[in-house]
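One structure is given here, and the rest of the page talks about it.
The values are calculated or read from the model by the stated rules, or taken from the named source; none is laboratory data. These figures come from a predicted structure and were not determined experimentally. Glycine also receives a Cβ, built like all others from the backbone with ideal geometry; neighbour counts cover every protein chain displayed. Just so you know, the surface numbers come from the protein's heavy atoms only, side chains and all, with ligands and any DNA or RNA stripped out. Shrake-Rupley method; radii C 1.70, N 1.55, O 1.52, S 1.80 Å.
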Amino acid sequence: AFGASNIESGSTHQARNLGGSVNPDFKGGTLKLDTATTISNDFTFEDYSGNTIDENGHAVTFSGAMTGAGGMVFSDTVGGGSATLTSSGNTYSGATTINSSATLLLNGAGTIASSSSLTNYGTFDISQTTSGATIVSLAGAGSVILGSQSLTITSGAGTFSGAISGSGGLTLTGGSQY
C-alpha cells in the first residue's frame with residue numbers, strides 16, 4: 001500500500017499502491033495511473049508546479065474531492081488514457097493543464113470551476129456532465145467536446161485556437177476570450 005501520504009517533487013507513485021485509507025497530498029510529484037479503475041481517494045494539491053497525473057494509457061475515474069491551492073497537469077505518456085472527474089467537491093484553485101496526449105473528462109457533477117485557469121492542448125470533454133461546466137478561462141490549442149452541454153467561461157483571458165465541438169453552448173460572462 002501507499003506508505004507516505006505525500007507525492008513529493010521528483011517522485012512518481014503508482015496508483016495501484018494508494019490503498020483506500022490514504023488521502024494523498026501532491027507536493028510536485030506524479031501519480032502514474034497503472035490500471036483502468038475508479039479511485040475514491042480525496043487529493044490535496046499543494047502549490048507546486050510539478051503536480052502531475054499521468055494517465056499512462058488508462059481510463060481512470062476520480063470520485064473523491066480534489067482540493068488545495070495548487071494546480072494539476074494531466075498528461076499521458078502512452079496515449080489513449082483519460083482522467084474522469086465526478087466530484088462536485090473539487091475546489092482546488094491552481095491552474096489546470098491538459099497536455100497534448102491527455103484527456104480530461106467531467107462527468108455528472110464533476111467540476112474544475114474553482115481552478116484559476118484551463119490550458120488545454122489535449123482533450124477537455126464535458127459532454128457527460130449533468131448540467132454543463134464552468135471554468136475561469138480557456139487557453140491552448142486542444143479540443144473541447146461539449147456534446148449537448150454548455151461551457152461557461154467566467155473571466156476569459158488568453159487565446160484558445162483549438163476546436164470546440166458539439167451542439168451545446170459557449171457563454172462568456174466576464175473578461176475576453178480570443
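For Leu118, are the conditions met, namely being open to solvent by 30 Å² or more (accessible area, probe 1.4 Å) and either under 12 Å from the mean Cα position of the chain (by Cα) or not polar (S, T, N, Q) (or both)? Full working, then the answer.
Values: open to solvent by 30 Å² or more (accessible area, probe 1.4 Å): no; either under 12 Å from the mean Cα position of the chain (by Cα) or not polar (S, T, N, Q) (or both): yes.
Criteria not met by Leu118.
Thr91: open to solvent by 40 Å² or more (accessible area, probe 1.4 Å) and within 12 Å of the chain's Cα centre (by Cα), yes or no? Steps first, please.
Values: open to solvent by 40 Å² or more (accessible area, probe 1.4 Å): yes; within 12 Å of the chain's Cα centre (by Cα): yes.
So Thr91 fits the description; yes.
Kindly check whether there is at least one residue in region 80-97 that is farther than 26 Å from Leu170 by Cβ and not charged (D, E, K, R).
Taking region 80-97 as the starting set, the residues that turn out to be farther than 26 Å from Leu170 by Cβ are 80-81.
Filter once more, keeping what is not charged (D, E, K, R): 80-81.
Yes: one or more hits.
Is it the case that region 88-111 has a residue that's touching a Phe, Trp or Tyr at 6+ places or on another chain (Cβ under 8 Å), of a type in the set (Gly, Ala, Ser) and under 19 Å from Gly166 (Cβ atoms)?
no
Just for strands (runs of 3 or more DSSP E) wholly inside region 61-128: which have at least 2 residues that are among the hydrophobic types (A, V, I, L, M, F, W, C) and within 25 Å of Tyr178 (Cβ to Cβ)?
Working: elements: 72-75, 82-85, 96-98, 103-108, 118-120.
Answer list for region 61-128: 72-75, 103-108.
Quick one: which residue in Gly122, Gly140, Gly108 is farther than 21 Å from His58 by Cα and touching a strand residue (DSSP E or B) at 6+ places or on another chain (Cβ under 8 Å)? Quick ask: steps written out before the conclusion?
Working: Gly122 fails: farther than 21 Å from His58 by Cα; Gly108 fails: farther than 21 Å from His58 by Cα.
Exactly one residue qualifies, and that residue is Gly140.
If you take the residues in region 4-50 that are touching a Lys or Arg at 6+ places or on another chain (Cβ under 8 Å) and outside any strand (DSSP E or B), which one is surrounded by the fewest Cβ atoms within 10 Å (Cβ to Cβ)?
The qualifying residue surrounded by the fewest Cβ atoms within 10 Å (Cβ to Cβ) is Thr35.
Can you report the number of residues in region 129-164 which are open to solvent by 20 Å² or more (accessible area, probe 1.4 Å), under 22 Å from Ser75 (Cα atoms) and in a strand (DSSP E or B)? Give the derivation first.
If we filter region 129-164 for residues that are open to solvent by 20 Å² or more (accessible area, probe 1.4 Å), which is where we start, we get 130-131, 134, 136, 139, 141, 143, 145, 147-150, 152, 154-155, 157-164.
Subset that is under 22 Å from Ser75 (Cα atoms): 134, 136, 139, 141, 143, 145, 158-164.
If we keep only those that are in a strand (DSSP E or B) as well, we get 134, 139, 143, 145, 160, 163-164.
Matching residues across region 129-164 total 7.
Kindly indicate whether Glu55 is among the charged types (D, E, K, R) and surrounded by fewer than 21 Cβ atoms within 10 Å (Cβ to Cβ).
Numbers: among the charged types (D, E, K, R): yes; surrounded by fewer than 21 Cβ atoms within 10 Å (Cβ to Cβ): no.
For Glu55, the condition - among the charged types (D, E, K, R) and surrounded by fewer than 21 Cβ atoms within 10 Å (Cβ to Cβ) - is not met.
Yes/no matrix, rows are residues, columns are (1) touching a residue at least 24 places away in the same chain (Cβ under 8 Å); (2) of a type outside the set (Ser, Thr, Tyr):
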{"residue": "Asn90", "(1), (2)": "yes, yes"}
{"residue": "Asn99", "(1), (2)": "yes, yes"}
{"residue": "Thr103", "(1), (2)": "yes, no"}
{"residue": "Leu118", "(1), (2)": "no, yes"}
